[in-house]
Amino acid sequence: MTATDLDAEKRMLGRLIGYHDDLDGYVWSMESDDVGTHIIAYREDGEVERIATIHKAARTDEIEVLCRALETLRFTLGMISRAKAKIREMISTGAGTESRPKQQANFGFMAKSLCEQRLFWRYLEYREPLGRIESERAADTRLKGLLAIQSKADLNRDEKARAAFLSLRADYYRWKKGDG
């Protein structure tokens, strides 16, 4: 949003607030006859005036939008006012600034991601020379064997398996850099 857009929105909001203030105490209703639907304004000074006539060809939803404009304006400005007050309250009390707890790492997903990498396949062959690895599935099987797990989900539940995986992963990164 550009500064120009923001300025235009502020001007529009100012106009809406002005309309709201000018029409404070008014009540609108509608009446229908052969000509169409009429918006009737009941003003705070007791005056009652037909302020608009909507053509009889107008659809029901179009009539509702027009006849409920004042009610919608009051609702919208009230909601904006409540939101502004809540934001000010949150700022003054520091609410909403608490840090969220860190999401638990998904070690099973990390293991799956490694098994998708051909270089990791070569590392697994180096670590446990039981033959060539030619697929993600074979890498998955070799990794599970090395870690003595049935499922990569075990890495999220079993601390011992997780520690073994993290150690293996660290060794893989050293090997990849040429330090292994």
Item checked: Whole-Hz ³J(HN,Hα) from phi, Karplus 6.51 cos²θ - 1.76 cosθ + 1.60, for region 67-82, glycine and proline x -> 6, 9, 4, 5, 4, 5, 4, 4, 4, 5, 5, x, 5, 4, 5, 5
Item checked: Overall Cα dimensions of the chain - principal axes, largest extent first, Å -> 95, 45, 34
Note to self: Given an 8 Å cut-off on Cα distances and at least 6 residues of separation, report the relative contact order of region 107-177 as a percent.
What the structure shows: 34
Next item on the list: Could you please report the charge total around V65, scoring K, R as +1 and D, E as -1 over all other residues with beta-carbon less than 13 angstrom from its beta-carbon?
Entry: -2
Next item on the list: Using the charge dipole of the chain (Lys, Arg: +1 at Cβ; Asp, Glu: -1 at Cβ; taken about the Cα centre), state which of G78, Y123, Y19 has its Cα farthest towards the positive end.
Entry: Y123
Item checked: Rounded to the nearest 20 debye, dipole of the chain from Cβ charges on Lys, Arg, Asp, Glu -> 2080
Note to self: Compute the helix-to-body angle for 118-127: its Cα long axis versus the longest principal axis of the chain, expressed 0 to 90° and rounded to tens.
What the structure shows: 30
Item checked: Above-threshold pairs, the threshold being 18 Å between Cα atoms, out of K152/K176; K112/K177; K10/K84 -> K152/K176; K112/K177
Next item on the list: Could you tell me which of V35, A163, I63 has its Cα farthest along the dipole of the chain towards the positive end, charges placed at Cβ (Lys, Arg +1; Asp, Glu -1), taken about the Cα centre?
Entry: A163
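Read-outs throughout are calculated quantities, based only on the coordinates presented, and are distinct from any laboratory measurement. This is a predicted model, so every value here is computed, not measured. Glycine also receives a Cβ, built like all others from the backbone with ideal geometry; neighbour counts cover every protein chain displayed.
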